[in-house]
Amino acid sequence: MRSISFILKQFSRSVLLIAGFAFLGFSAYAQGDAAKGEALFKANCTTCHKIDQQLVGPALGPQLDSETDEKFLTKWIQNNQALIAAKDPKAVAIFKQFKEANMTAFPQLSDGDVANIIAYVHDEWKKEQKAKLTPAAGQTAAESGPSDLVIFALIGVIILAFIVILVLNKVIAALERVVLSNKGLFVEEVAVEAAPVDRLATFKRLAKNKKLVFFVLLCGTLALGSWTWVTMWNTNVHTGYQPVQPIKFPHDLHAGAMKIDCQYCHTGAYRSKNASIPSLNVCMNCHKVVKTESPEIHKIYDALGYDPATQKYDSTKSRPIQWVRIHNLPDLVYFNHSQHVKVAGLKCQTCHGPVQTMKEVYQYSPLTMKWCVQCHKRTNVDFKGNAYYDNMIAVHKLIKEGKQVTAAAMGGIECGKCHY
Amino acid sequence: MDSNKKYWKGLEELNKTPEFVEKNKHEFAEPIPIEDVLSGDGLAAGKSPRRDFLKALGFGVGAVTLAACQKVPVHKSLPYLIKPEEITPGVANYYASTYEGSAILVKTREGRPIKVEGNPNDILSKGGLSAQAQASVLDLYDVNRLKSPSKNQSDCAWSVADSYVKDELAAIKAGGKKIGIISSTTNSPSTLAVIADFITQYPTAKHINYDAVSYTGIIQANQNSFGKSVLPHYNFDKADVIVSFGADFLGTWISPTEFIRQYVQNRNSKSLENKKMSRHIQFETGMSVTGTNADVRIPIKPSEEGVALVTLYNAISGTTLPGTKKLANSNADKALMLVAKELMAAKGKALVVAGSNDVATQVLVNAINSLLGSYGTTIDLDNPSYQYKGNDAEFVEFVSQMKRGEVDAVFFLNANPVYDYFVSKDVVDGLKKVRLKVTFSNYSDETAALCNVLAPNHNYLESWGDDNAIEGFYTVQQPTINPVYDTRQAEQSLMVWSDNPVKEYYTYVRNNWDKTLLAIGGLSGQSGWETLLQTGFVKAAPKPAGTYTFDRDLNAVAQTILDHSNQLAQGKLELQIYQTVAMRDGKRANNPWLQELPDPVSKVTWDNYVCMSPSDMKKWGYFDGSVVKVDANGYSVTLSVVSQPGQAQGTVSVAVGYGRTLSGPVGNGVGKNAFPFHSLRNGTFQTSATAELTATGEVSILAQTQTHHSIEGRNSIIKETTFKEYLKNPSSGSDKAEGHKMYSLWDEYEHPTYNWVMAIDLNACTGCGACVVACSAENNVPVVGKDEVRRRREMHWIRIDRYYSFDDKGDGGITREHEIAKLEDLDNVRVVYQPMLCQHCDHAPCETVCPVLATVHSSEGLNHMAYNRCVGTRYCANNCPYKVRRFNWFNYWNDARFDNYLQNEHTQLVLNPDVVTRFRGVMEKCSMCIQRIQAGKLKAKIEKRSMKDGDVKVACQQTCPANAIVFGDANDPNSEVSKALKSERTYYVLEELDTKPGIGYQVKVRNISEIDV
């Protein structure tokens, strides 16, 4: 359904674009080249400005609507500090309004460049305002997609259709019988009754075959036994556990498409026993700017008490996000991430699976003791280049004996190494 | 193996009472009612036991199936909203701070303090920490702390309390009546400055230091003798001969942690290897920790103390003070003559101390020390101690002023006189006439109950501040957690009420340091302050300690002392009032770790009691647990009697610090209050009195850990020798020379990576018990309470066994079997302490009997215990020759029956997150702090380097002020522990069982020379 809304959006955008270009011809401001302006805007301004929203600096669309003195604007953009230093009343007022935070000076921009940028901003702002007015209704409908009610209704209709078909079949059968009885053809039913007697006889005959009975019983016992065995062993093993999280955080996008390093967010993995779920200030490093309109990102804002319009934090409104824990070792076992990630140099995927392809994370490994021990028995210790192992008798002995220096051989499967 | 030594843990074992013999035969403390079940009212009782059995079985299976059907709970994970920069979840942060003047490090996890550790650079104790300091972290999470200010017994906002107090103070200022600020000794420069500012604002105010356990006697004596009204700084490390008259300087006297460190320096392995050992002679009434450590201990009555000092002075000076009489105690008299000779021989390296708070007694001690040339060497008057500054007379005067109605306002800072003043009624009456009564107490304590404003102070772990324990040594205190409750620092309150121009106490402390204190450490500015917060203290170069000569007239002094002695001697019995190591003055009575810490000597927990000599008890017809009424100074309490070998005959001892009524649910009603037994004499509180005992006929059994673990007559547990023997043959006592050939049934274990072992020096261990509390804090060891201790179910992973032996009859401190029968010798017993914990045997008997392999051996020489594998057969505990395994009879951390101790949402925050809490039905024991070993190894791996000796310090080792415990890798021949174990004194407990323990003990050495009695 999302693709439909996407197509709709694309379509409306292109319509708007054409409308925009048409409008351009009549524009009074269209002194600069908006296309050139776009490149310049993206290169120089986007760090601090957005057209429709306040970022570090003010939202430029409304700002340029109200400020029409282009000479002043050009000077301001090229070197606002000079203007303030010269005590230009307008400049000083703006400076004060923004808590005396200086805007970066752009002396490298020529007057033409600035005009191009202004033209681009005007165009974009106009487009956005138009977009808000015209296709609003259609878009919202498309975005919301089919509601649950519709789905239920559809299912209901299908079930109803089946019932109708069944009833119709019955009716047809009854009508046929009526027709037949009218013709006086009832003898066939006796023949029908004789058939099950035959079938039971076959069954009885088979039941007398002791070998067969034994074989069937054996199969049954084995199947039931192995099912019980597997079920019991996997009690409290939550491989594949994929709870619904409060925020639909897509690992496939962040770790997969964007190739963000796992430890950019899970900072503890290198240093601590906990890999740790990132705190929201880590999210805000990017999402202060990126995808600010997404309702999922707004959940972050709400949790922080952050208002994207004013860019202010209100700690009284903040509340923690309650993630559902997926990988959960019991308290009786001690596990340390840094031992495995930093010292052993394991990839996160070794235990957590292909997180970079998971839309929603699920538990990949069983996290049972058997699973831990198996890996400890199979994995060689990465002792090269780590002086810790240099003076260790055990390592030298194992190498001398021609054995593998596995974690287990170094004492990695002794009870007390994890259970304390 | 020497079979003629005999050590014993309690009189029951020594006397082989029928109850003891009977009890000892059994595996369990209480009989298991198998017989009852199998016969009589048990299975046969019902009409159809088979049907009942099937019903129960059916129900049981059904219930278990149902219980197993529940869904796995959903676990939530709540990350920080905005993570503080310095916090990494899962990694501990350490902050330098101060506890009662010692520099400490506070270990915090995820922003909450979970352990207090000594600062290794601390001037006083060099990283050692007392049991009280270790336990102090638990107070932070005490749910019984005051949670908000209150006015007239109802909770209010700080603003309401502030405006009320300020209005009242304004009115009082106009009225011109007195204002009192009563505090226990305050030595924090910033706090003193705030109080001074307060006094400037309200000129009628006066600050009075009032200590429940006071040292005014010493301070006043120094004023009288040398014109310096200070508590001197003692240097026990510089003394070759130490003579103490009732001063428990290794347990409770002034600065015990520091003194232990100093004292042990002349008695530990290093000193012995240099053929040097100090000599320590103790004259005292009750058996104190110091007395048990002394080379020679002479029991004397409180009334004999003065006479003994006069005798000693006469012997040293060669003069005779007027009124001198011969000491009735011939043993003590003989000893004193010899002691005088020894002291004179060690002139300049001798030290005489007395525990008395009597001015005259202390003046005489000063005179003796002056004759011995102690000033400038073992006693330093120029770098004095500020740990106690209390002035008894000032407070007594203040109480009478209150009673006369001359006082309009009083502020109590860390003081609780309604509980600990000797005439509590005077304080109660006086407070009725005071208009404004404010307490800064953390708890709604006895004094708070009578105050109209409660302005609860922060816990010290939530506060800014500083301390100045000794001259030139300034420590800084920084908060390690946001205030848990709606409390406010007392200094902040005083600043608000006195309209201090500085608004925040932090700024005040900062200014104070910037102005004067930082410069002492050669620091300045912001960077200096930041350095200070990391190092924790500054230290000025000590002033040269001057020599002082005593030249006052002693005639009057001697007269006063002897008069007092005569007075005391008139009663039937003499009473000595003392402090216990765990409870001290009772301010931390609500701390369950301290309540459950067994007293080093009596091994009693959760109570105070009347210590009596066994021969006196026989005479009076008492036995352990008899409840008696003690009458003295017009006050009486009923307490159980404990037979205390070594107690001077004709005396009883009772500890203060108990009998709190409003300390909180843990401390309320534990024991009886002994403070009212104090009396005032010549301006100071006296700790002795004449007493009368009356039997009540009742019996109340104390929760004693003493005879829980019988040694079954095995003689290779404790080994000791004398210094003389040691000099001749360093391996004397350790039986090294005997060289038995050992045959083993078991294969040797290889230790290819590490071999973690421990060495414990019995000559250094003073038995103070700090390790027990440190271990509890580190390893989440539960508190079980009095009832459970009575059932022998205490959970401590490390215990300190106390063994008595008889004083020698000329044969090297060894008691012969045949000598034991003579009960009169019980006055002159010797004591050896032995910290006992899992020995991590290579051939561990516990491992071979575990049916589920829950306890197994590791390649690093440790005996692992997998709790989740244990099914609770207790076979291991039964087979352990050291009796160090502990069984969880209850789910202590999650059982309403243990509510008061550790089971509540706040105290659980003190748990060490790296160590699991054990469930009911599981065996546990010392793990050699395996979490620290693993963390140490991981740190080395991350830093890509080999492990260094000292990378891992176990909790008991870290806190030990005596450095009696050394831990390390035996595979490293240069490690401290390898060196220690190579010592000739090393022996292994129950070596003959071939358990190959991982812990080696070093023989106790006593410096007994031929001049002993």
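Evaluate the charge dipole of chain B about its Cα centre and quote only its size in Debye, nearest 20, assuming +1 on the Cβ of each Lys and Arg and -1 on the Cβ of each Asp and Glu.
840
Under a cut-off of 29 Å between alpha-carbon atoms, report the lysines in cross-link reach of A:LYS183, not counting same-chain residues fewer than 8 places apart.
Reachable lysines: A:LYS170.
Distance in nm between label sites at A:ALA86 and B:THR319, each 7 Å beyond Cα in the beta-carbon direction?
Simple spin-label model gives 9.8 nm for this pair.
With Cβ to Cβ distances under 14 Å as the rule, what net charge do the other residues near A:GLN53 carry (K, R +1; D, E -1)?
0
May I ask you to list the GluC sites (Glu not before Pro) in region A:293-366 that are in a DSSP loop and have at most 10 other Cβ atoms within 10 Å of their Cβ?
Of the GluC sites (Glu not before Pro), the ones in loops of region A:293-366 whose Cβ has at most 10 other Cβ atoms within 10 Å are A:GLU293.
Please report B:LYS432, A:LYS299, B:LYS349 as a ranked list, fewest other C-beta atoms within 10 angstrom at the top and most at the bottom.
Numbers: B:LYS432 12, A:LYS299 15, B:LYS349 19.
Ordered by Cβ neighbours within 10 Å, fewest first: B:LYS432, A:LYS299, B:LYS349.
Would you mind ranking B:MET612, A:MET392 so that the residue whose beta carbon has the fewest other beta carbons within 10 Å leads the list? Don't skip to the answer; put the middle values down first.
Values: B:MET612 28, A:MET392 20.
Lowest count first: A:MET392, B:MET612.
Search the structure for amide H atoms under 5 Å from the amide H of B:LYS115, placed 1.01 Å from N in the peptide plane, and list their residues when 5 or more places away or on another chain.
Result for B:LYS115 returns B:LYS107.
Once you place label points 7 Å from the Cα toward the Cβ at B:ASN274 and A:PHE72, how far apart are they in nm?
Calculated label separation equals 8.4 nm.
Under a straight-distance cross-link criterion of Cα-Cα below 16 Å, which lysines are reachable from B:LYS603, leaving out those fewer than 8 residues away in the same chain?
The reachable lysines, counting only those whose Cα sits under 16 Å from B:LYS603, are B:LYS9, B:LYS786.
Fewest first, what order do A:SER66, B:SER370, B:SER225 take by the number of other Cβ atoms within 10 Å?
On the way: A:SER66 6, B:SER370 20, B:SER225 25.
By the 10 Å Cβ count, ascending: A:SER66, B:SER370, B:SER225.
For a bin width of 10 Å, list the pair-distance distribution of region B:272-313 built from all Cα-Cα distances, rounded to whole %.
27, 43, 22, 8, 0
Calculate the length of the line joining the C-alpha centroid of region B:66-102 to that of region A:276-352, in whole Å.
15
Other chains' Cβ within 10 Å of B:862-873 residues: what's the mean?
3
Net charge near A:ALA43: determine it from the other residues with C-beta under 12 Å of the C-beta of A:ALA43, scoring Lys and Arg +1 and Asp and Glu -1.
Local charge sum for A:ALA43: 0.
Round to a whole angstrom and tell me the spacing of the C-alpha centers of region A:65-126 and region A:149-175.
When both Cα centres are located, 70 Å separates them.
With axes computed from alpha carbons, what is the tilt in degrees of helix A:148-183 against the longest principal axis of chain A, rounded to the nearest 10 within 0 to 90?
30
Per residue of A:331-341, how many C-beta atoms from partner chains lie within 10 Å of its own C-beta, taken as a mean?
So the per-residue partner count for this stretch is 4.
Can you pull out the GluC sites (Glu not before Pro) in region B:727-789 that DSSP calls coil and that have at most 12 other Cβ atoms within 10 Å?
B:GLU748, B:GLU750
How much of the DSSP beta bridge set in the protein assembly as shown is antiparallel, as a percent to the nearest 5? Walk me through the numbers on the way to the answer.
Details: 76 of 123 bridges.
Of those bridges, close to 60 percent are antiparallel.
For region B:79-151, calculate the relative contact order in percent as a whole number, restricting contacts to Cα pairs under 8 Å that are 6 or more residues apart.
Values: 92 pairs, mean separation 13.7, N = 73.
Result for region B:79-151 is 19 percent.
Computed FRET efficiency, Cβ-Cβ of B:THR696 and B:LYS979, R0 45 Å: what is it to the nearest 0.05?
Working from the Cβ atoms, E equals 0.20.
So for the pair B:GLU992, B:LYS55, with labels modelled 7 Å out along Cα→Cβ, what separation do we get in nm?
Output for this residue pair reads 5.7 nm.
Only Cα pairs under 8 Å and at least 6 apart count here; give the relative contact order of chain B as a rounded whole percent. Present the calculation step by step, with values, prior to reporting the outcome.
Working: 2197 pairs, mean separation 154.6, N = 1013.
Computed over chain B, the figure is 15 percent.
Using DSSP to call loops (not H, G, I, E or B), can you name the trypsin sites (Lys or Arg not before Pro) in region A:231-292 whose Cβ has at most 15 other Cβ atoms within 10 angstrom?
In loop regions of region A:231-292 (DSSP not H, G, I, E or B), the sparsely surrounded trypsin sites (Lys or Arg not before Pro) are A:LYS248, A:LYS259, A:LYS291.
For region B:305-351 and region A:240-260, what is the centre-to-centre distance using only Cα atoms, to the nearest Å?
84
My understanding is that a pair violates if its Cα-Cα distance is over 31 Å; which of B:LYS618/B:LYS672; A:LYS417/B:LYS719; B:LYS539/B:LYS1004; B:LYS275/B:LYS925; A:LYS273/B:LYS503; B:LYS953/B:LYS1004 do that in this structure? Before the final figure, lay out each step's value.
Numbers: B:LYS618/B:LYS672 24 Å; A:LYS417/B:LYS719 35 Å; B:LYS539/B:LYS1004 36 Å; B:LYS275/B:LYS925 38 Å; A:LYS273/B:LYS503 41 Å; B:LYS953/B:LYS1004 24 Å.
Correct reply: A:LYS417/B:LYS719; B:LYS539/B:LYS1004; B:LYS275/B:LYS925; A:LYS273/B:LYS503.
Coordinate-derived values only; no laboratory data. Since we're looking at a predicted model, the values are computed, not measured. Heads up, the Cβs are rebuilt from the backbone with ideal geometry, glycines too, and the neighbour counts pull from every protein chain shown.
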